[in-house]
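Q: First, the structure itself, so that you have it in front of you.
The values are calculated or read from the model by the stated rules, or taken from the named source; none is laboratory data. Since the structure is predicted, the reported quantities are computational estimates derived from the model, not experimental observations. Neighbour counts are summed over all protein chains in view; Cβ atoms, including those assigned to glycine, are modelled from backbone coordinates with ideal geometry. In case anyone asks, the SASA skips ligands and DNA or RNA and just uses the protein heavy atoms, side chains included. Shrake-Rupley method; radii C 1.70, N 1.55, O 1.52, S 1.80 Å.
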Amino acid sequence: MTKADIVNEISKNTGIDKQTVLASVESFMEIVKGSLSNGDNVYLRGFGSFVIKKRAQKTARNISKNTTIIIPEHNIPSFKPAKTFLNEVK
């Protein structure tokens, strides 16, 4: 399902025009991205949580140059679904 499909479904179910729904979906995504980039987690009860996970520093190999490189510690976004969401998908 794409963002356009989501906008179409919400518009069809609620009767709100697609431009307003698209603006709402875009705003939601910007707020989630902004919160995660500031280090704040986003919790949606009954759906799941968007959280920041820390990846520790590690050593890797560049096979083509046969060298060792160090990948620094960094944050990655992650989604953890709620139990009710998981049960519904099962």
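Q: Enter the accessible area of THR84 (Å², nearest 10), with the probe set to 1.4 Å and all protein chains included.
A: Approximately 80 Å² of THR84 is accessible to the 1.4 Å probe.
Q: Count the lysine pairs in the chain whose Cα atoms lie under 24 Å apart, taking only pairs 8 or more positions apart in sequence or on different chains.
A: Total qualifying Lys-Lys pairs in the chain comes to 15.
Q: Can you work out the accessible area per residue across the chain, with the rest of the protein chains kept in place, probe 1.4 Å, in square angstrom?
A: 82 Å²
Q: Place a +1 charge on the Cβ of each Lys and Arg in the range 19-59 and a -1 charge on the Cβ of each Asp and Glu, then give the dipole magnitude about the Cα centre in debye, rounded to the nearest 20.
A: Rounded to the nearest 20 debye, it is 380 debye.
Q: Be a star and scan the range 19-53 for residues whose amide nitrogen sits under 17 Å from the point 7 Å along the Cα-to-Cβ vector of SER78.
A: Residues passing the 17 Å test: 36-37, 39-44, 48-53.
Q: Here's a follow-up. Put a dot 7 Å past each Cα toward the Cβ at ARG45 and LEU86; how far apart are the dots in nm?
A: Result: 2.0 nm between the two label points.
Q: Let me ask something else. Calculate how large, on average over all directions, the projected area of the Cα convex hull of the chain is; give the answer in nm² to one decimal.
A: Over all viewing directions, the chain projects a mean Cα-hull area of 9.2 nm².
Q: Run lengths n ≥ 4 of DSSP H only: what is the helix-derived mean residue ellipticity at 222 nm for the chain, with -39500 (n - 2.57) per run over all residues, to the nearest 500?
A: Calculated at 222 nm, the ellipticity per residue is -13500 deg cm²/dmol.
Q: Let me ask something additional. Taking the Cα centre of the chain as origin, work out the dipole magnitude from +1 charges on Lys and Arg Cβ and -1 charges on Asp and Glu Cβ, in debye rounded to 20.
A: 600 debye
Q: Work from the charge dipole of the chain (Cβ charges, +1 for Lys and Arg, -1 for Asp and Glu, about the Cα centre) and give the residue of ILE16, GLN57, PHE28 farthest towards its positive end.
A: It is GLN57.
Q: Once phi is turned into θ = phi - 60°, what whole-Hz ³J(HN,Hα) does the Karplus curve with 6.51, -1.76 and 1.60 give for every residue of the range 16-24, x standing for Gly and Pro?
A: 7, 5, 5, 5, 5, 5, 4, 4, 5
Q: Return the carbon/sulfur percentage of the accessible area of the range 8-90, one whole number, probe 1.4 Å, all protein chains in place.
A: Ligands and nucleic acids excluded, carbon and sulfur reach 55 percent.
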